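What follows is a single structure, written as structure tokens, with notes after it.
The values are calculated or read from the model by the stated rules, or taken from the named source; none is laboratory data. Quick caveat, the model's predicted, so the values are computed rather than measured. Because the Cβ atoms are built from the backbone with ideal geometry, glycine has one as well, and the counts that use them run over all protein chains shown. What goes into the accessible areas is simple: the full protein's heavy atoms, side chains included, and nothing from ligands, DNA or RNA. Shrake-Rupley method; radii C 1.70, N 1.55, O 1.52, S 1.80 Å.
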Amino acid sequence: MAAKKAATTKAAIKKAGATSVTTKKAIKKKPVAVPEKATADVKGASGVKTVSAKAPAAESRTALVRRARRINRELAEVFPYAHPELDFDNPFQLVVATVLSAQTTDLRVNQTTPALFAKYPTPEDLAAANPEEVEEILRPTGFFRAKTKSVMGLSKALVENYGGEVPGRLEELVKLPGVGRKTAFVVLGNAFGRPGITVDTHFQRLVRRWQWTEQTDPDKIEAEIGALFPKSDWTDLSHHVIWHGRRICHARKPACGACPIAPLCPAYGEGETDPEKAKKLLKYEKGGFPGQRLNPPQSYLDAGGKPAPPLGAG
């Protein structure tokens, strides 16, 4: 009788242990539920303000358009002086500067182009230049050999095919060496006043964070975002989004606690939410530092922005 009772007890213990292991495995594999609404407290000047980041999983097309356009309006109020951050005086300078901006900052380009345009002010001059001399000037921008080939090639194409003038049509611009759709829209929007969406790395990152699109291909992003806005808004929209990406909504650590569109952002909370800590992450004029242009527009200076230093100034 005692032996039978011991066997029963042993079996019960073994069963309980198995159940415990099974439970642990189940807990370990249990997926984490994603809440419908993420909420965080942001301290404002008048106490604690709750910011709710809604996840628009079932957002209708109409709601998406309204939210996207509201974000653009909000950013227009924050950055009323937004502008292209490459220094240029004419379409030729802008197309060359934009080609040079690949894989480097606009600041580095702006610090480099004064010497380039002083020595080669026209497409004719640059097309006939000594490649080694151009390479030496462009060395600070990185990939200087490839960039020299591109800017000299596009200068030659301008001379041979367009009488030394930059064409104002997308179809013709993208035929120039080193010029893709992104560069073409920068030139069209800012040198010719023709609307275009500039899908750079900042633009791609933000429109996906805001769930305006799930696309990763720049051309598809351009098409989907363009459909959310009137064509007349495209160029300014590009400036607003890119400025926000460079100054506040950074790639690695967004300054969520200092973001003016936090209540509209599904990604709120990915970055620093404490207002004081977030404020320290701000860049350029919002953080009291120089911008990227050596010769910025007066509206930027009036808003407290500072010009960038020339090359070698520290």
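Ligands, DNA and RNA are left out, and with a 1.4 angstrom probe the accessible area of segment 91-192 is 44 Å² per residue.
Once the chain from residue 172 to residue 78 is taken as fully extended at 0.36 nm per residue, the excess over their C-alpha distance is 30.3 nm. With a threshold of 29 Å on the Cα-Cα distance, the over-threshold entries among 279/306; 175/283; 182/253; 119/280; 220/277 are 175/283; 119/280; 220/277. For the pair residue 160 and residue 299, the difference between a 0.36 nm per residue extended length and the Cα-Cα distance amounts to 46.2 nm. For segment 128-193, the calculated P(r), taken from all Cα-Cα distances in 5 Å bins from zero up to the bin holding the longest distance, is 4, 18, 24, 22, 18, 12, 2, 0 percent.
Which net charge results when you count Lys and Arg as +1 and Asp and Glu as -1 among the other residues whose beta-carbon is under 15 Å from that of residue 62? Taking every other residue near residue 62 into account, the sum is +4.
Computed about its Cα centre, the charge dipole of segment 154-222 is approximately 200 debye, with only Lys, Arg, Asp and Glu carrying charge at their Cβ. Note on residue 311 and residue 224: the model spin-label points, each 7 Å out from Cα along the C-beta direction, lie 3.9 nm apart.
When peptides 208-220, 152-164 are sorted by average Cβ neighbour count within 10 Å, with the highest value leading, the order is 152-164, 208-220. The calculated Kirkwood hydrodynamic radius for segment 78-226 is 16.0 Å, given to one decimal from all distinct C-alpha pairs.
Sorting the segments 105-116, 266-277 by their mean number of nearby beta carbons within 10 angstrom, highest to lowest, gives 105-116, 266-277. Computed over segment 109-166, the P(r) curve from all C-alpha pair distances, binned at 5 Å from the origin, holds 4, 21, 31, 25, 14, 4, 0 percent per bin.
Taking 7 Å steps out from each Cα toward its Cβ at residue 282 and residue 122 produces label points 4.6 nm apart.
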